[in-house]
Amino acid sequence: MLVIPSIDVENGRSRIVHWPGVATGAGTPSDRPERIAERFVAAGATLIHIVDLDGARAGRPVNLEAIGRVASRVAVPLQVAGGMEGADKIRLAFAAGATRVVVSMAMADRPEALAECLAVAGDWLAVGLDPRPQRLAAYPWHRPAPPSLVELAGELVDLGVRRLVLSHGGARPELPFLAQLARQTHAEIFVAGGSVDLDVLRSLRDAGIAGIILGEPLLSGAVDFAKALEAAS
């Protein structure tokens, strides 16, 4: 299972300052996304996830310069989320240096637009889903009734999506459900965020999850990256 560091970018900077030596007073804090990405790649990261917070609010990629700086400094795939809902927007992200994109759950209600995005990104496109039933029910679906997550995942796979990113917010991932979803869905399942520790990482690995995307827990030092890599291997 991959452990994927995530950097939330706002106004060209990381929302959270990364200071890996804060406990001992060693090293230097940084809010520059490219430096943070370099540190994680040097420590063993094989994929970096970037959330364009300004892009998510604007509905289009905004932090393209920051994405380009990261892409120029690390030789691993760069996955970008936030403002990617459209083929032209994905092209902008790719031109800046992204190699993968994550589009929002809204695209499940826009199959034609999703098809256009897939034509640009292919297997490097993932759809972000919120697995919490109350969130699915509250979403303003353009259909008679809200779908279940299993139904939604099946629809997306039928449309050609090969990667799904399940965002748990601050909640603890529901391991039995995720294991069942991983077995039943013909797509790679990634988990983003949630309340995780090393035991949860091991359980996600054993459940067949392809990767865990972690932002603040890694940046703040709450979860040690080296130990997380070991737990996921």
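The values are calculated or read from the model by the stated rules, or taken from the named source; none is laboratory data. Quantities reported herein were computed from a predicted structural model and do not represent experimental measurements. With ideal geometry, Cβ positions are generated from the backbone for all residues, glycine too; neighbour counts draw on all protein chains shown.
Quick notes on this structure:
- Residue that is surrounded by the most Cβ atoms within 10 Å (Cβ to Cβ), among those in segment 118-154 that are closer than 27 Å to Phe94 by Cα, hydrophobic (A, V, I, L, M, F, W, C) and touching a Ser or Thr at 6+ places or on another chain (Cβ under 9 Å): Val127
- Failed item, numbered, when Arg13 is tested on (1) in contact with a strand residue (DSSP E or B) (Cβ under 8 Å, 6 or more places away or on another chain); (2) farther than 24 Å from Ala210 by Cβ; (3) modelled with pLDDT of 95 or more; (4) of a type outside the set (S, T, N, Q): (1)
- Residue in segment 126-149 that is of a type in the set (A, V, I, L, M), within 30 Å of Ile36 (Cα to Cα) and assigned to a helix (DSSP H, G or I) present: no
- Residues located in segment 186-206, provided they are surrounded by fewer than 23 Cβ atoms within 10 Å (Cβ to Cβ), of a type in the set (Gly, Ala, Ser) and not in a helix (DSSP H, G or I): Ala187, Gly193, Gly194, Ser195
- Top-ranked residue in segment 8-58 [being in a strand (DSSP E or B) and in contact with a Gly (Cβ under 7 Å, 6 or more places away or on another chain); ranked as surrounded by the fewest Cβ atoms within 10 Å (Cβ to Cβ)]: Asp8
- For first residues located in segment 207-233 and under 17 Å from Ala37 (Cβ atoms) and assigned to a loop (DSSP other than H, G, I, E, B), partners that are at pLDDT 95 or above and of a type in the set (Gly, Ala, Ser) and lie 6+ apart or on another chain with Cβ distances below 8 Å form the pairs Gly215/Ser6.
- Qualifying residue in segment 186-199 (condition: touching a Pro at 6+ places or on another chain (Cβ under 8 Å), under 30 Å from Glu65 (Cα atoms) and free of Cβ contacts under 8 Å to residues at least 40 places away in the same chain): yes
- Gln79 fulfils the conditions (1) without any contact (Cβ under 8 Å) to a residue 60 or more places away in the chain; (2) polar (S, T, N, Q); (3) surrounded by 19 or more Cβ atoms within 10 Å (Cβ to Cβ) except for a single criterion, (1).
- Selection status of Gly82, at pLDDT 95 or above, over 20 Å from Ala119 (Cβ atoms) and touching an Asp or Glu at 6+ places or on another chain (Cβ under 6 Å): yes
- Filter result for Ala210 (in contact with a strand residue (DSSP E or B) (Cβ under 7 Å, 6 or more places away or on another chain) and either among the hydrophobic types (A, V, I, L, M, F, W, C) or more than 15 Å from Arg135 (Cβ to Cβ) (or both)): yes
- Flag if Val157 is over 20 Å from Ile48 (Cα atoms), among the hydrophobic types (A, V, I, L, M, F, W, C) and surrounded by fewer than 18 Cβ atoms within 10 Å (Cβ to Cβ): yes
- Going through (1) without any contact (Cβ under 8 Å) to a residue 12 or more places away in the chain; (2) assigned to a loop (DSSP other than H, G, I, E, B) one by one, Val62 falls short only on (1).
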